[in-house]
Amino acid sequence: MQDQPIEDEGAADRDFVASLEKGLLVIEAFDASRPRLTLSDVAKLTGITRAAARRYLLTLTKLGYAEFDGRYFSLTPRILRLGYAYLSSASLSAQVQPLLERISEETGESSSAAILDGDDIVYIARSATRRIMSIGLGVGSRLPAHCTALGRAILAYQPEDALRAYLQRIRLEARTPKTITDKAAFQAALDATRAKGYAIVNEELEYGLRSIAVPVVQKTGRVTIALNLSAQAGRISAEEMEERFLPLLRSASETLRYML
């Protein structure tokens with residue numbers, strides 16, 4: 001029997017489980033910069049009451065998804081089951097990984113693939129030849145889309161209404177003094193990215209880091225994924241990136257285009 005269509009907004013609201021939403025917000029409060037949080041921290045970050053936050057945290061602890069040392073809560077490796085359920089059912093990461101490994105082997109630099117999730121990019125595949133950032137990156141890592149080459153390579157190709165909504169709600173937080181924080185300048189950067197077909201970000205995410213990214217334009221014309229190469233800014237110029245790396249990224253992008 002076919003699923004029954006949702007007839008109106010009221011029906012959709014009745015099907016919405018607010019407690020599940022809050023439980024997921026509690027999980028998402030933890031990240032690489034906040035691996036350990038107090039009850040008060042979680043309540044503040046999620047906007048829910050301390051009493052509710054306590055119930056969700058203790059439930060996660062009882063189920064083995066979190067642990068508590070008497071003051072701080074932290075997630076346990078069991079939480080990886082939630083992400084693995086997606087990764088194991090999606091062929092995209094498996095299709096991209098060999099392309100990234102080939103690129104990294106030829107260049108000696110780290111390469112990545114990411115998708116857009118909300119206002120962040122999420123890494124779905126990565127081939128790291130060396131550590132060039134202060135934080136470790138892996139599959140599932142999240143970074144702000146606005147100050148990454150991967151994010152701009154995807155954002156530049158989004159429909160006008162989606163991009164307009166993004167620009168209205170986003171706060172262009174400065175990660176370094178070089179980060180573009182003016183929305184008009186940011187729009188111009190996206191326009192330039194679309195005109196050139198690639199994005200270069202120079203030390204806007206982190207000092208000493210330079211990155212180049214290309215979109216993967218699917219046969220339908222949609223862009224949901226981008227590929228990049230990153231290197232230490234002191235070792236390679238933007239011009240050299242364009243000359244050496246761009247052809248490899250474009251070739252991989254074109255290959256992936258017909259695989260999606």
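Determine which member of the set A184, A252, A192, A188 is surrounded by 17 or more Cβ atoms within 10 Å (Cβ to Cβ) and either small (G, A, S) or more than 21 Å from the chain's Cα centre (by Cα) (or both).
Result: A252 is the single residue among A184, A252, A192, A188 that is surrounded by 17 or more Cβ atoms within 10 Å (Cβ to Cβ) and either small (G, A, S) or more than 21 Å from the chain's Cα centre (by Cα) (or both).
Which of the residues that make up region 30-53 are of a type in the set (V, I, T) and surrounded by 13 or more Cβ atoms within 10 Å (Cβ to Cβ)?
Residues satisfying the conditions are T38, V42, T46, I48.
So A174 passes all but one of these: (1) exposed (fewer than 14 other Cβ atoms within 10 Å of the Cβ); (2) closer than 28 Å to T107 by Cα. Which condition number does it fail?
For A174, the failing item is (2).
Go through (1) open to solvent by 50 Å² or more (accessible area, probe 1.4 Å); (2) touching a residue at least 24 places away in the same chain (Cβ under 8 Å); (3) of a type outside the set (G, A, S); (4) within 30 Å of Y258 (Cβ to Cβ) one by one and return the number of the condition P98 breaks.
Every condition holds for P98 apart from (2).
Conditions first: (1) closer than 26 Å to A29 by Cβ; (2) modelled with pLDDT of 90 or more. G136 passes all but one, so which condition is the exception?
(2)
Scanning for something basic (K, R) and more than 14 Å from the chain's Cα centre (by Cα), does region 125-133 turn up at least one residue?
Yes: one or more hits.
In the list P247, P215, P177, which residue meets the criterion of being free of Cβ contacts under 8 Å to residues at least 12 places away in the same chain and either assigned to a helix (DSSP H, G or I) or under 26 Å from L99 (Cα atoms) (or both)?
So the residue among P247, P215, P177 that is free of Cβ contacts under 8 Å to residues at least 12 places away in the same chain and either assigned to a helix (DSSP H, G or I) or under 26 Å from L99 (Cα atoms) (or both) is P247.
The values are calculated or read from the model by the stated rules, or taken from the named source; none is laboratory data. These figures come from a predicted structure and were not determined experimentally. For neighbour counting, all protein chains shown are included, and Cβ atoms are generated from backbone atoms with ideal geometry for every residue, glycine included. Heads up: the accessible areas ignore ligands, DNA and RNA and are worked out on the full protein's heavy atoms, side chains in. Shrake-Rupley method; radii C 1.70, N 1.55, O 1.52, S 1.80 Å.
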